[in-house]
Amino acid sequence: MNIKKVIVLGSGALRIGQAGEFDYSGSQAIKALKEEGITVILVNPNIATIQTSEYIADRIYFLPVTPYFVTQVIEKERPDGILLAFGGQTALNCGLDLDRQGVLEKYKVQVLGTPVQAIRDTEDRDLFVKKLSEIRLKVPKSLAAWNLEEATQAAETIGYPVIIRAAYTLGGEGSGVAQNKEELVELARRAFTATPQILVEEYLKGWKEIEYEVVRDRFNNCITVCNMENMDPMGIHTGESIVVAPSQTLTNREYHSLREIAIQTIRHLGIIGECNIQFALDYKSEDYRIIEVNARLSRSSALASKATGYPLAFIAAKLALGYGLPELKNSITKSTTACFEPALDYVVVKIPRWDLNKFKGVSEKIGTEMKSVGEVMAIGRKFEEALQKGIRMLDIGAIGLVGNDFPFKDLRDELERPTDKRIFAIVEALKQGYTVEEISKLTCIDAWFLHKIRHVLSLEEKIKKYFTLDNLPREVLLEAKQAGFSDSQIARLLNTQELEVRRRRKALNVVPSVKQIDTLAAEYPSKTNYLYLTYNADGDDVSFEDRNKVIVLGSGTYRIGSSVEFDWCCVNTVFTLNKLKYNTIMINYNPETVSTDYDICDKLYFEELSFETVLDIYERENPIGLIVSMGGQMPNNLALRCFKQGLNILGTSPLSIDRAEDRYKFSKLLDELGVDQPKWQELTSLDDAKRFANSVDYPVLVRPSYVLSGAAMSVAYDDEDLESYLSKASKVSREHPVVISKFIVNAKEIEIDAVASKGEILTWAITEHVENAGVHSGDATMIFPPQKIYLETVRRIKNIAQKIAMALKITGPFNIQFLAKENDIKVIECNLRASRSFPFVSKVSRVNFINLATQAMMGKRVKVVGAHGRAPLPALDFDYVGVKAPQFSFSRLKGADPILSVEMASTGEVACLGTDLYDAFLKSLLATGFKLPERNILFSISGEENLYRLRDSIKKLHGMGFNIFATEPTSQFLHGNKIPNTLLHKIQTPGQPNVLDYLMQRRLDLVISIPAGYPHKEDHAEYLLRRKAVDFGIPLLTNLQLTRLLIEAISRKTLKDLEIKAWDEYV
């Protein structure tokens, strides 16, 4: 192949169903291309990713991954080839559209890897079934449908229950099980908002779900890299299921039979590179069905790659260039070719992480459509060991399978119709006397897994019988540790302290061994730097003699509030340490991350970010110190405990971290410094809290300590609210104080991200929020440099930041949030760690804040350098603007109210650059999947003040030729102000025309629903309007400031006015 320039499509913002795994796969693909001397052009608006760093691709476009924008880039850059398989469903669908529109043919751009027709054969459900029928392979009985009538006819033909699957979607979007016609119609209506085609398919209830990762080259060499077994049966999406690798319950015949079918399928489809195939297996008869094939890197690919040590993405990119498997070396093992199938002598367990408790009204039931926001990967020599590790890694307050307190109102229903707490329901059922057979029948989970869980319960009872730690024999302690019990778990069972258990087991020489992820199962000497701890071994696989070591704590599982931005911070920390000639050690357990790649650090511990595990690794490695400030809140929360145990925390002192994280101590510090803040009081009793709230006049803000993404943070508008929210906050922040402060209405929120050394600020960036205070900073649209802040305000913010930095003796990264109203500046929060906006301000300013922070933390003299080694631009003197926009996944969260509050709800972010605010803003909004309105806009505005604030903007829309629709009383107000509009009656209100009809018929381009000051007490009709807009795929805005900015932007710019410029063309 004569390929000199390749365009790589990224996946855009992280969302449910499409997360950080595509940063990993895209980064590896770009490295593989550059190794061949190929110029790489990347289109990806996700500014928080590693792949959008200046040292990865040759040229980066922070633009929406849509056919329109990618066509403009292709016309400008004229690449020879394009990679579609490394950016999830977003990239794949965009590539298919480009091919269909003739763009690729027009500009002579070759699709590298799997041919477009093969991609269509896997994505189009009808073509997929027909293709596999050619070689007589079994697929579920199914019929494709292009409209509602065809869908109902298909269901009648197949017979209920049926499952709906949407074509060209990811994460089971638009799918579901229908027991009858009514359920089918509701599901199909929703599915058709996401895709033009659905498949109506027989429902294989109770069958096992098995996956194989398959690699094939253009010479027809084909191998399976990893097979995985879903613990949960068919009917629960693999992204929602606990997954085990390798499979544990298949017979030898079942394993090899499915492997042969997988290879036969992939060869027949003609896939080149890597793919994932999913089977349904009836364990009673060994009958099977092929469910689907993903002709791209997927979530499962990332898991398989990290589980086996096989560099799937890197190899797939090489195969796309025409290499054969025998020609390529496995860059991890360094001993085998890429044709060598991994063999595992350990077990890997993946568990999803949900954040459903953040969403009011959401259904907690899990099924065919993904709701999880992240996942963890645990490694052990026994299933029980890996499972208990994985549960702790979720960071949901569970200390393992046992020792928790999860109440269930209806246990039988929980087993039959699972929620995100299913695994704990199984434990409770066993405790209440359900037999393994009964649970297996209710859950359709293989009895093998249930027996393993029961074994953990029997060990719990065994430990309890000894009453005290001193009575616990060594053999029982060892047995417990081998089954994955943590020190804190054992301490809770014996009513003692975690450190006491640690001292006891070390005295008895019950300590973990450090093992390599030996992908060769001892057939060849292992050279991997992937490590894990286990008590099911008698020695270490590695030595600890290397010197000059630094441990970096990763961010753990992705969740709302902690995502790829912290992985960017961790990876850049490691890169800087490597340049400074330190040996680097990463502790992390998230298979979706770049930080857990084989070529990032010297040693990678795929392990828990717990006090016990960090202590074990620290004592074994004896490093210079520990970096806790780059991985978000989770490692930051360990700082004080590790410090008290004698570990050297690099950078800002943990005592200062505690002063900032503890709401009471920080508020007191601000008072001592004379820095203004909202009136506050520490929670001592409910009566005192009510007295304070009434004395400052509601609303008030309830703020727990040591939390991320505003967990349990709430605005209380009356005594009833306060009582409810204080109960929630106290549970989240048991060990730390809860503070109540006056909530200032209609205030602007501003942030400063900065790096300091010994209290002196080295560099800083001020960003402004579009939305007023009351919307969490992670959900806010952010502008940098700020466009509407007075220079005096900037000066005061910088001075306050310097005063706080000096008082806390900060060395490293930090972030402070401010409120601004009527020339008053008040501090509301300070985080002595990297914030989620660090990648954004670093890339917009071209000053790598993490690089500087790492140098400062290592005691180096720091020189601030900008783009191309030049002096950095002054903090406000840019010829361009960056806008960061949040990505929401409300369409996946049935029943959730899609409204913003002080608790974070977004799952990801994008950012685009422009020569002015409106250019950057519109591109960022489009990059989240937002569609600009063409004709019809509905307004439903609560509160008289809001109506007056939006009046001129709505008048402007009418002047531009838009048709204005409105509910009451908005319609009446607009008529009174001489703005023509059409009245639509609210949902559940008699009368025509009705909002619901317009939504279902998709006759509206945009719904603007602005709540009053008390959004949680809005009438049900407003909630229904917002929810139905999301369910039927109609763009929705719920914030007044954002609405005004959008209207102003579309009055000034059309799509064709938006610039197509690469990052380097701005700076």
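The values are calculated or read from the model by the stated rules, or taken from the named source; none is laboratory data. Note that the structure is a prediction, hence the values are computed from the model and not measured. A quick note on method: Cβ atoms are made from the backbone with ideal geometry, for glycine too, and the neighbour counts reach across all protein chains shown.
Couple of notes before you dig in:
- Within the stretch 879-922, the set of residues being over 14 Å from the mean Cα position of the chain (by Cα), hydroxyl-bearing (Ser, Thr, Tyr) and assigned to a loop (DSSP other than H, G, I, E, B) comprises TYR880, SER901, THR915.
- Applying the condition of being assigned to a loop (DSSP other than H, G, I, E, B) and under 26 Å from ILE789 (Cα atoms) to the stretch 841-864 and asking which residue is modelled with the lowest pLDDT yields VAL864.
- Residue list for the stretch 461-500, restricted to those being touching a residue at least 12 places away in the same chain (Cβ under 8 Å), of a type in the set (Asp, Glu) and closer than 20 Å to GLU385 by Cα: GLU479, ASP487, GLU498
- Verdict on LEU184 being buried (at least 24 other Cβ atoms within 10 Å of the Cβ), of a type in the set (A, V, I, L, M) and over 25 Å from VAL116 (Cα atoms): yes
- Taking the criterion of being in contact with a strand residue (DSSP E or B) (Cβ under 6 Å, 6 or more places away or on another chain) and part of a loop (DSSP other than H, G, I, E, B), the residues of the stretch 49-62 that qualify are THR52, ALA57, ASP58, PHE62.
- Residue within the stretch 109-132 that is touching a helix residue (DSSP H, G or I) at 6+ places or on another chain (Cβ under 8 Å), over 17 Å from ALA295 (Cα atoms), part of a loop (DSSP other than H, G, I, E, B) and not charged (D, E, K, R) present: yes
- Scope the stretch 264-274; condition at negative phi and either of a type in the set (Phe, Trp, Tyr) or surrounded by 17 or more Cβ atoms within 10 Å (Cβ to Cβ) (or both); matching residues: THR265, ILE266, LEU269, ILE271, ILE272, GLU274
- Scanning the stretch 247-258 for residues that are surrounded by fewer than 18 Cβ atoms within 10 Å (Cβ to Cβ) and either of a type in the set (Gly, Ala, Ser) or under 16 Å from CYS275 (Cβ atoms) (or both) returns a single hit, SER257.
- Total residues in the stretch 407-444, condition among the β-branched types (Val, Ile, Thr) and either on the phi > 0 side of the Ramachandran plot or touching a residue at least 40 places away in the same chain (Cβ under 8 Å) (or both): 3
- Yes/no for GLU944 being in contact (Cβ under 8 Å) with a residue 60 or more places away in the chain and not assigned by TED's automatic domain parsing to the domain that holds LYS788: no
- Just one of the numbered conditions (1) modelled with pLDDT of 90 or more; (2) assigned to a helix (DSSP H, G or I); (3) of a type in the set (Phe, Trp, Tyr) is not true of TYR698: (2).
- Number of the exception - ILE291 against (1) more than 26 Å from SER440 (Cβ to Cβ); (2) touching a strand residue (DSSP E or B) at 6+ places or on another chain (Cβ under 6 Å); (3) surrounded by fewer than 23 Cβ atoms within 10 Å (Cβ to Cβ): (1)
- Test: PHE544 is in the same structural domain as ASN622 (by TED's automatic domain parsing) and in a loop (DSSP other than H, G, I, E, B): yes
- Among the criteria (1) closer than 17 Å to ASN230 by Cα; (2) buried (at least 19 other Cβ atoms within 10 Å of the Cβ); (3) out of contact with any Ser or Thr (no Cβ under 7 Å at 6 or more places or on another chain), the one GLN278 does not fulfil is (3).
- LYS318 in contact (Cβ under 8 Å) with a residue 24 or more places away in the chain and of a type outside the set (Phe, Trp, Tyr): yes
- Criterion applied to LEU450, LEU477, LEU430, LEU469 was being buried (at least 18 other Cβ atoms within 10 Å of the Cβ), touching a Ser or Thr at 6+ places or on another chain (Cβ under 8 Å), modelled with pLDDT of 95 or more and assigned to a helix (DSSP H, G or I), and the one residue passing it is LEU450.
- Complete set of residues in the stretch 914-931 that are in contact with a Ser or Thr (Cβ under 9 Å, 6 or more places away or on another chain) and buried (at least 24 other Cβ atoms within 10 Å of the Cβ): PHE921, SER924, LEU925, ALA927
- Which listed residue, of ASP599, ASP567, is within 22 Å of GLY20 (Cα to Cα), crowded, with 24+ Cβ neighbours inside 10 Å and acidic (Asp, Glu): ASP567
- The residues of the stretch 523-540 that are within 33 Å of the chain's Cα centre (by Cα) and either assigned to a loop (DSSP other than H, G, I, E, B) or of a type in the set (Ser, Thr, Tyr) (or both), listed by number, are SER526, LYS527, THR528, ASN529, TYR530, TYR532, THR534, TYR535, ASN536.
- Taken residue by residue, the stretch 171-193 has at least one member that is assigned to a loop (DSSP other than H, G, I, E, B), over 30 Å from GLU286 (Cβ atoms) and under 32 Å from the mean Cα position of the chain (by Cα).
- Conditions (1) crowded, with 17+ Cβ neighbours inside 10 Å; (2) under 30 Å from TYR346 (Cα atoms); (3) out of contact with any Asp or Glu (no Cβ under 6 Å at 6 or more places or on another chain): number failed by VAL215: (3)
- Within the stretch 935-954, restricting attention to residues that are modelled with pLDDT of 95 or more and exposed (fewer than 15 other Cβ atoms within 10 Å of the Cβ), the residue that is farthest from ALA1049 (Cα to Cα) is TYR948.
- Selected residue [under 30 Å from VAL65 (Cα atoms) and acidic (Asp, Glu)] from GLU968, GLU934: GLU934
- Looking only at the stretch 741-772, residues that are closer than 18 Å to LEU819 by Cβ, in contact (Cβ under 8 Å) with a residue 60 or more places away in the chain and of a type outside the set (A, V, I, L, M) come to 11 in all.
Yes or no, residue by residue, for (1) closer than 24 Å to SER11 by Cα; (2) at pLDDT below 95; (3) assigned by TED's automatic domain parsing to the domain that holds ILE198:
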{"site": "VAL73", "(1), (2), (3)": "yes, no, no"}
{"site": "GLY81", "(1), (2), (3)": "yes, no, no"}
{"site": "CYS94", "(1), (2), (3)": "yes, no, no"}
{"site": "ASP97", "(1), (2), (3)": "yes, no, no"}
{"site": "LYS108", "(1), (2), (3)": "yes, no, no"}
{"site": "ARG120", "(1), (2), (3)": "yes, yes, no"}
{"site": "VAL129", "(1), (2), (3)": "no, yes, no"}
{"site": "LEU148", "(1), (2), (3)": "no, yes, yes"}
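- Filtering the stretch 1043-1061 to residues that are under 27 Å from the mean Cα position of the chain (by Cα) and surrounded by fewer than 21 Cβ atoms within 10 Å (Cβ to Cβ) leaves nothing.
- Those residues of the stretch 579-601 which are at pLDDT 95 or above and charged (D, E, K, R), in sequence order: LYS579, LYS581
- Annotation for the stretch 892-904: no member residue is under 28 Å from THR193 (Cα atoms), in the same structural domain as LEU1024 (by TED's automatic domain parsing) and modelled with pLDDT of 95 or more.
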